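Okay, so here's the structure we're looking at.
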């Protein structure tokens, strides 16, 4: 981003109401804000000159006051196995994030990042290895959708906040992104088509529950005892399993939405029958689903798992009355581990 643009307001991060307020201060009519909003979020223009139903004088005012951010594709990897496409996007400040487009029977789903890097330090995750740099702005989360649709020619029908970063560690910007995404005068995406994955920042789970957006909450659980979870997920040392499950039950009561528990299977760490029994006890009486994930191999750790182990653990859980599936592997030939492409690019 140029030094001049750094001084301007990031218009894609503003709500319609915020744009209306600024437009009035510029001496223009309030209805102009909705015209601008639709140019930004329906037609998805990249500069103010494209807003042809606005006068040249007004477009000049907008250009002087605002900037429209954009992302640059640094790398694009398309799977030869399925139709998964992984993007490495360069942000206006030169940092990089990853976004993954996945095809399902119901349509196209996009996995987006919410931070540049991650602070959480989960031992099996590539996202944390290159270090945390900063939070993404609402516009930078949103642009992952707009730029991917533009490049692929595909309409994204669902969003997964499960890319690089911890969404609830960037709570205010993620909430702003969700509100812009679901605005009826813009993209108008139902938040029931959005899944948010968290490693378990307990206070923010309560805050999210109180919003009652109707989105799907995915909890990265990955272990059933505090000793094991604390070893592989440092966040557990601040918010333990009992606190996390209590917050999840509150989310269920407030929203009525089933919770998905992500369980990255690690051979010899969390894959035993005893762990399955403990997991069934933790989730007893909850409307929930366990998504078993064969762990991605990355060179910085020696953790391993495979689909055979995942299927065995699934059978344990099903026998115990737990709703469980093994996650379908997508894009395994294109640096599938989240954060791996960014890390390799920046080294």
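Points worth noting:
- Spin-label pair residue 172/residue 53, simplified geometry with 7 Å Cα→Cβ offset, distance in nm: 3.4
- Length added when fully stretched, residue 123-residue 78, from 0.36 nm per residue minus Cα-Cα: 13.5 nm
- What the pair-distance distribution of the stretch 27-146 shows, using all Cα-Cα distances binned every 5 Å from zero, is 2, 9, 16, 17, 16, 14, 11, 8, 5, 2, 1, 0 percent.
- Length added when fully stretched, residue 190-residue 21, from 0.36 nm per residue minus Cα-Cα: 58.3 nm
- A crude spin-label estimate for the pair residue 134 and residue 45, with each label 7 Å from Cα along the Cβ direction, gives 2.7 nm.
- Matching label, Rg and Dmax of the Cα atoms in Å computed from the structure shown, candidates (i) 23.3, 94; (ii) 24.1, 78; (iii) 21.2, 70: (iii)
- Cα-based helix-to-principal-axis angle, 138-152 vs the chain, degrees rounded to 10: 90
- Using a Förster distance of 22 Å, the FRET efficiency for residue 35-residue 93 (Cβ separation, nearest 0.05): 0.15
- Cα pair distances in the stretch 9-48, grouped into 10 Å bins until the bin that holds the longest one, percent each: 31, 60, 9
- Tilt relative to the chain, helix 16-25 - C-alpha long axis, 0 to 90 degrees, to 10: 30
- Pairwise FRET efficiency - residue 281 versus residue 253, Cβ, R0 = 25 Å, nearest 0.05: 0.80
- Our estimate of slack between residue 325 and residue 243, defined as 0.36 nm per intervening residue step minus the Cα-Cα distance, is 27.0 nm.
- Sites residue 7 and residue 312 - FRET efficiency at Förster radius 41 Å, r taken between beta-carbons, to 0.05: 0.10
- Angle between the chain longest axis and helix 31-41 axis [Cα atoms, degrees, rounded to 10]: 50
No lab work stands behind these numbers, since they all come straight from the coordinates. Worth saying up front: this structure is predicted, and the values here are computed from it rather than measured. In this analysis, Cβ positions are derived from the backbone assuming ideal geometry, glycine residues included, and neighbour counts consider all displayed protein chains.
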